[in-house]
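Only one structure is covered here, and it is reproduced in the block below.
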Amino acid sequence: ASYDTAGHAHFLVKEIHEQPTSVERTLSGRIDQRFSTAHLGGLNMDAREARAFRRVKILGCGSAYYSGELGAQLIEELARIPAHAEPASEFRYRNPVIEADTLYIAVSQSGETYDTLAAVQEIKRKGGKVLGVVNTVGSAIARECDGGMYLHAGPEISVASTKAFTSTAIAFALIALHLGRVHDLSPADGRRICAGLKAIPDQIRQILEQEKVIADLAAKYSGHEGMMFIGRVRGYPVAREGAQKLKEVSYVHAEAYPASELKHGPLALIGPDLPTVAIVPDDELRDKNLTAMGEIRARSGPVLMVGHTAPDPKLAEDCILVPKNEPELDPILLGIPLQLFAYYAAVALERDVDKPRNLAKSVTVE
Ligand code: G6P
């Protein structure tokens with residue numbers, strides 16, 4: 001098949017704009033209203049098997065790994081099963097212990113990333129159960145797994161992942177809901193998450209309406225040689241993917257740090273030349289995040305806050321506000337403006353947006 005940018009300047013921005021509908025496709029037919037859970041027949045796993053897992057390990061590379069970090073957090077929060085993400089490329093080389101009561105989940109947009117495939121094969125050789133969260137139907141990783149979920153996000157052409165990242169996070173929210181409802185997530189919390197998921201496509205539309213403002217901010221900040229991205233707990237994987245996106249497409253150096261760790265090292269870098277993007281949802285950590293922003297401002301570091309409620313203007317020079325959802329699902333929406341930010345920074349710097357230097361869409365070799 002051949003694809004075009006459908007009137008957009010690049011595939012990257014086209015794919016960013018597709019997200020309200022690609023998320024709808026990921027959700028389609030998977031919300032079970034009656035029992036406030038997710039209907040996921042492709043997992044090939046009955047409730048008894050789903051209840052038996054004591055741990056979840058998520059594997060992927062690049063943005064797939066970062067989406068796995070969001071996924072691990074969702075599973076731990078909603079299902080209360082310890083969950084961790086690890087780069088598949090590290091996992092496969094460290095002779096990992098494969099446990100029968102761990103559920104392994106491999107994440108891949110293309111389904112062809114060699115390191116992720118090799119990790120799946122190693123787990124299977126040692127008797128572990130692996131599910132795939134994959135976009136490309138019939139791909140090598142999808143075929144190798146014992147079951148899983150297709151994203152149905154549609155083909156992603158731009159090397160930098162956007163809609164597949166968001167759909168993977170949605171898929172993890174569904175898996176977390178499903179596992180939660182056979183562990184101890186209450187029907188009321190199940191209903192709350194179902195309603196939250198259904199609201200996401202329209203909330204993404206609202207964020208996309210701020211495109212012009214975000215483009216201006218990206219142009220303003222793209223003149224700096226580097227940027228820091230900070231977040232805490234739910235905000236930290238968002239910060240990591242935001243930094244990844246910026247460095248991939250704009251070549252501006254970007255580093256993500258837990259806001260709580262700033263004082264243990266990176267604060268030494270802060271000054272007027274190093275702006276910080278602070279991910280600050282309205283949650284129980286908001287005040288701590290505002291304190292970190294104050295520490296940055298005290299050293300004349302510019303701050304762009306991405307969150308739900310504008311802070312005291314002394315704490316952030318600029319601010320992008322997104323609609324509020326349920327606390328567990330907020331990270332999915334907080335990531336969307338960072339995609340536009342990276343895209344417009346790359347445009348301002350006249351980069352090869354859809355095909356950044358030195359990178360490939362899928363790395364099918366070791
Ligand atoms: C490459 C791409 C990344 C992508 C990663 C994993 O490095 O440049 O954008 O996140 O591979 O790809 P996958 O297809 O496995 O999700």
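Conditions tested, residue by residue: (1) among the hydrophobic types (A, V, I, L, M, F, W, C); (2) without any contact (Cβ under 8 Å) to a residue 60 or more places away in the chain; (3) surrounded by 24 or more Cβ atoms within 10 Å (Cβ to Cβ).
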| site | (1), (2), (3) |
| --- | --- |
| 109 | no, no, yes |
| 119 | yes, no, yes |
| 149 | yes, no, yes |
| 166 | no, no, yes |
| 169 | yes, no, yes |
| 177 | yes, no, yes |
| 189 | no, no, no |
| 198 | no, no, no |
| 211 | no, no, no |
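Residue-by-condition table, conditions (1) among the charged types (D, E, K, R); (2) surrounded by fewer than 18 Cβ atoms within 10 Å (Cβ to Cβ); (3) more than 28 Å from residue 61 (Cβ to Cβ); (4) at pLDDT 95 or above:
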site	(1), (2), (3), (4)
287	yes, yes, yes, yes
292	no, no, yes, yes
300	no, yes, yes, yes
316	no, no, yes, yes
330	yes, no, no, yes
335	no, no, no, yes
339	no, no, no, yes
346	no, no, no, yes
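Applying the set (1) at pLDDT 95 or above; (2) of a type in the set (D, E, K, R); (3) more than 16 Å from the chain's Cα centre (by Cα) to residue 46 leaves exactly one unmet item: (1).
I'm trying to understand the selection: among the residues of the stretch 52-104, which are within 15 Å of residue 117 (Cβ to Cβ), under 12 Å from the mean Cα position of the chain (by Cα) and more than 13 Å from the ligand (Cβ to nearest atom)? Hits for the stretch 52-104: nothing passes.
If the condition is being under 23 Å from residue 103 (Cβ atoms) and touching a helix residue (DSSP H, G or I) at 6+ places or on another chain (Cβ under 7 Å), then the stretch 158-174 contributes 165, 166, 167, 168, 169, 170, 171, 172, 173.
Taking the numbered list (1) under 17 Å from residue 252 (Cβ atoms); (2) within 14 Å of the ligand (Cβ to nearest atom); (3) not β-branched (Val, Ile, Thr) in turn, residue 366 passes all entries but (1). Can you tell me which residue in the stretch 112-123 is farthest from residue 52 (Cα to Cα), limited to those that are more than 7 Å from the ligand (Cβ to nearest atom) and touching a helix residue (DSSP H, G or I) at 6+ places or on another chain (Cβ under 7 Å)? Applying the filter and picking the extreme gives 115. Using beta carbons and a limit of 8 Å, which pairs, at least six apart or on different chains, have the first residue in the stretch 265-277 and farther than 17 Å from residue 218 by Cα and surrounded by 20 or more Cβ atoms within 10 Å (Cβ to Cβ) and the second one at pLDDT 95 or above and among the basic types (Lys, Arg)? Within 8 Å, the pairs are 270/299. Exactly one residue among 302, 311 is touching a Cys at 6+ places or on another chain (Cβ under 9 Å) and away from the ligand (no atom under 16 Å from the Cβ), and that residue is 311. For the stretch 333-353, check the following and say yes or no: at least one residue is farther than 19 Å from residue 239 by Cα and part of a helix (DSSP H, G or I). Yes, because at least one residue in the stretch 333-353 is farther than 19 Å from residue 239 by Cα and part of a helix (DSSP H, G or I).
Condition test on residue 352, is it within 16 Å of the ligand (Cβ to nearest atom) and either crowded, with 16+ Cβ neighbours inside 10 Å or among the charged types (D, E, K, R) (or both)?
Numbers: within 16 Å of the ligand (Cβ to nearest atom): yes; either crowded, with 16+ Cβ neighbours inside 10 Å or among the charged types (D, E, K, R) (or both): yes.
Against the criterion (within 16 Å of the ligand (Cβ to nearest atom) and either crowded, with 16+ Cβ neighbours inside 10 Å or among the charged types (D, E, K, R) (or both)), residue 352 qualifies.
None of 204, 214 is in contact with a Pro (Cβ under 7 Å, 6 or more places away or on another chain), farther than 30 Å from residue 272 by Cα, away from the ligand (no atom under 16 Å from the Cβ) and among the hydrophobic types (A, V, I, L, M, F, W, C) except 204.
The values are calculated or read from the model by the stated rules, or taken from the named source; none is laboratory data. Treat the numbers as computed from the prediction; the structure is a model and nothing was measured. A quick note on method: Cβ atoms are made from the backbone with ideal geometry, for glycine too, and the neighbour counts reach across all protein chains shown.
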